[in-house]
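Asker: I have a structure here, written as structure tokens, and I will follow up with some questions on it.
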Amino acid sequence: LKARMIVDKSFRIAEVDQRIYGSFIEHLGRAVYGGIYELSHPSADENGFRSDVKDLIRQLNVPIIRYPGGNFVSGYDWEDGVGPVASRPKRLELAWRTVEPNEVGTNEFIQWAQEVGSEVMMAVNLGTRGIDAARNLVEYCNHPGGSRYSDLRRSHGVEQPHRIKTWCLGNEMDGPWQIGHKTAEEYGRLALETAKAMRWIDPDIELVSCGSSSAGMPTFPEWEATTLDHTYEAVDYISLHQYYGNRDNDTANYLARSMDMDHFIHTVISTCDYIQAKKRSKKKMLLSFDEWNVWYHSNEADTKIEPWSIAPPQLEDIYNFEDALLVGSMLITFLRHVDRVKMACLAQLVNVIAPIMTENNGRAWKQTIFYPYMHASQFGRGISLMPVVDSPKYDAQDYTDVPYLDSAVVYDEAGEALTIFAVNRHLSEGLDLTCDVRSFEGYRIVEHIVMEHEDLKAVNGPGEEKVAPRSGGSSKLDGGIVTAQLGKASWNVIRLR
Ligand code: AHR
């Protein structure tokens, strides 16, 4: 099978906002307790945070981390998580039916995020709470001093304001599972009024309005249209969330799911632009895809967890090789939409549907999906170029005309580097790729990284990396044309300089 691509310097989509390589830590399962934080772990720092986990997060170079939820935030009283740890309450956590010990809260998390090199994307509770708690949290975090909540922060030993820039106005408020679920009208009004108050405290913040919990919600995309009718001028981004699974064990269909994601992004952009037209607004709404991943392996196990324990092993998907291919394609999809998608959060970061796993008091290890995420974050910064792709196609259960070759290209102008990300979706045949890069005169191939495995269901584990990338792919460059053999079912990163 043959596929062709043309990549040209002038086919620019937009500059990649590095925040598309964001992630997410929720107070859920073992993400915080037993994940990033474990007082008794041999690698714990003076604040109880695991250094081995920090090291792995640094390898991913995560620019922004959403916190503290997720469904958790819709029942969270942020005041429970600040001040002396000994006097913080244990609370029944209704979203995941656990007990929240509140040993980690706003200040500890923000300091930890700084140590791993990330900004925090902070979510406020618009489920059980509203304008008042949200404005107080902005005052606590961002106001320098001389007022009730800023002085409370200072009394907690944090003299300088955190200056959190990005704030989510609640989480998945369209979902009946959400504590304080709202109709689009109710949410639109509340989000607008909360946005106003938060911005009056700190005009420099950026706000994310809740979009639909997935493209499959019955209220999608009416939810976007109705809520944006209220919030359009008051917010900067609308959120998108989407998870996929291979429940029917139909891998050809599963690997085409990124086409569904592409369609979802198109629909949200169209809905935003419709509201822009309706309002005769000059403003373009931007997109924050702040929850995305594969999530289904752990669904069954989660039904067996007893309620009201602290940090049970919830949502601990163990990812296989084919999941890594889809994650690669989802990253490729973002890169092709960087003109509107400015933030995205791989949900989540540690233990909970995550690229990084830990053993309690033991090892930390990398799941299969760690690698495409790391490659994109490492090499996918610069200008995203739109490749012209000519690929053979297939039909799957839910999709027609699925190109076997899925690709995105990033040009780092300053570093004079070009990176081609490519997935071959064919499950039994390699693809002979020719890629015209003649506008990049004098470039050489630096490396062709490949991730492939005979067994699509192969997984990693503590101390056991069955699925990992290797250098030494077959790319050659001659007369401005790259030729490469992309192995069946493979993830490829072809780097030129
Ligand atoms: O990421 C896990 C959960 O998925 C989040 O808490 C929620 O927002 C979504 O439904």
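The values are calculated or read from the model by the stated rules, or taken from the named source; none is laboratory data. Since the model is a prediction, treat every value here as computed from it, not as a measurement. Virtual Cβ from ideal backbone geometry, glycine too; neighbours counted across all protein chains shown. For the accessible areas, the whole protein counts, side chains as well, though only heavy atoms, and no ligand, DNA or RNA atoms are used. Shrake-Rupley method; radii C 1.70, N 1.55, O 1.52, S 1.80 Å.
Asker: Ignoring ligands, DNA and RNA, what percent of the accessible area of region 411-456 is carbon or sulfur (1.4 Å)? Please report the intermediate quantities before stating the final value.
Answerer: Values: 840 of 2070 Å².
Carbon and sulfur atoms account for 41 percent of the accessible area of region 411-456.
Asker: Using a Förster distance of 35 angstrom, determine the FRET efficiency expected from the C-beta separation of SER428 and SER10, and round it to 0.05.
Answerer: Numbers: r = 37 Å, r/R0 = 1.05.
So, using R0 = 35 Å, E works out to roughly 0.40.
Asker: Can you classify region 152-307 as rounded, prolate or oblate using the Cα gyration tensor, where a ≥ b ≥ c are the square roots of its eigenvalues, rounded means a/c under 1.5, and otherwise it's prolate if a/b beats b/c and oblate if not?
Answerer: Numbers: a/c = 2.01, a/b = 1.28, b/c = 1.57.
Taking the square roots of the gyration eigenvalues as a ≥ b ≥ c, region 152-307 is oblate.
Asker: Oh, and also: Taking only the Cα atoms of region 390-454, how large is their convex hull per residue, in Å³?
Answerer: Numbers: hull volume 8.1 nm³, N = 65.
Per residue, the Cα convex hull of region 390-454 comes to 124 Å³.
Asker: I'd like the carbon and sulfur percentage of the solvent accessible area for region 48-195, probe radius 1.4 Å, heavy atoms only, ligands and nucleic acids excluded. Intermediate results must be reported in sequence, preceding the final value.
Answerer: Details: 2740 of 5450 Å².
Carbon-and-sulfur percentage of accessible area, whole number: 50.
Asker: Taking a cut-off of 29 Å between Cα atoms, list the lysines near LYS279, but don't count ones fewer than 8 places away on the same chain.
Answerer: The qualifying lysines are LYS165, LYS182, LYS196, LYS342.
Asker: Something else: Assuming 0.36 nm per residue, please report the length gained on full extension of the stretch GLU46 to LYS304 beyond their Cα-Cα distance. Mind dumping the intermediate values first?
Answerer: Numbers: separation 258, 0.36 × 258 = 92.88 nm, distance 3.52 nm.
That works out to 89.4 nm of additional length.
Asker: Continuing with this model, one more query. Which whole-number percent is the relative contact order of region 326-367 (Cα, under 8 Å, 6+ apart)?
Answerer: On the way: 25 pairs, mean separation 8.0, N = 42.
Averaging sequence separation for qualifying contacts and normalising by length gives 19 percent for region 326-367.
Asker: For a distance above 14 Å, tell me the whole-number percent of Cα pairs in region 77-166 that qualify.
Answerer: On the way: 2688 of 4005 pairs.
The proportion of pairs with Cα distances above 14 Å equals 67 percent.
Asker: Within region 158-208, list the GluC sites (Glu not before Pro) lying in a DSSP loop whose Cβ has at most 13 other Cβ atoms in a 10 Å radius. Kindly include the intermediate steps, with their values, before the conclusion.
Answerer: Values: sites: GLU159, GLU172, GLU185, GLU186, GLU193, GLU206; in loops: GLU159, GLU172.
Hits after loop and neighbour filter: GLU159.
Asker: Which aspartates and glutamates, if any, have their Cα less than 15 Å from the Cα of LYS466, not counting same-chain residues under 8 positions apart?
Answerer: GLU322, ASP323, GLU452, GLU454, ASP455
Asker: Need the C-alpha centroid separation for region 59-93 versus region 232-280, integer Å.
Answerer: 28
Asker: Out of the total accessible area of region 222-358 (probe 1.4 Å, heavy atoms of protein only), what percent is carbon and sulfur?
Answerer: Values: 2200 of 4320 Å².
Carbon and sulfur together cover 51 percent of it.
Asker: Please compute the modelled spin-label separation between ASP455 and LEU1, points set 7 Å along Cα→Cβ, answer in nm with one decimal.
Answerer: In this crude label model, LEU1 to ASP455 measures out at 2.4 nm.
Asker: If one computes the Cα centroid of region 123-161 and of region 371-421, what distance in Å separates the two points?
Answerer: Here the two parts' Cα centres lie 42 Å apart.
Asker: Quote the relative contact order of the chain in percent (integer), defining contacts as alpha-carbon pairs under 8 Å separated by 6+ residues.
Answerer: Values: 1174 pairs, mean separation 98.9, N = 497.
Reported as a whole number, the value is 20 percent.
Asker: Tell me the angle of helix 131-142 to the major Cα principal axis of the chain, expressed in degrees between 0 and 90 and rounded to the nearest ten.
Answerer: So the helix axis and the longest Cα principal axis differ by about 70 degrees.
Asker: Only loop residues by DSSP count here, and only those with at most 16 other Cβ atoms within 10 Å; note down the trypsin sites (Lys or Arg not before Pro) in region 139-208 that meet that. Don't jump to the answer; show the numbers that get you there.
Answerer: Working: sites: ARG148, ARG153, ARG154, ARG163, LYS165, LYS182, ARG189, LYS196, ARG199; in loops: ARG163, LYS165, LYS182.
Sites meeting the loop and neighbour criteria: ARG163, LYS165.
Asker: Using θ = phi - 60° and the Karplus relation 6.51 cos²θ - 1.76 cosθ + 1.60, list the HN-Hα couplings for region 277-287 in order, rounded to whole Hz, with x at every Gly or Pro.
Answerer: So the J values, rounded to whole Hz, are 5, 4, 8, 6, 8, 8, 8, 9, 6, 9, 10.
Asker: For the chain, what is the accessible area per residue in Å², given a 1.4 Å probe and the full set of protein chains?
Answerer: Value returned for the chain: 38 Å² of accessible area per residue.
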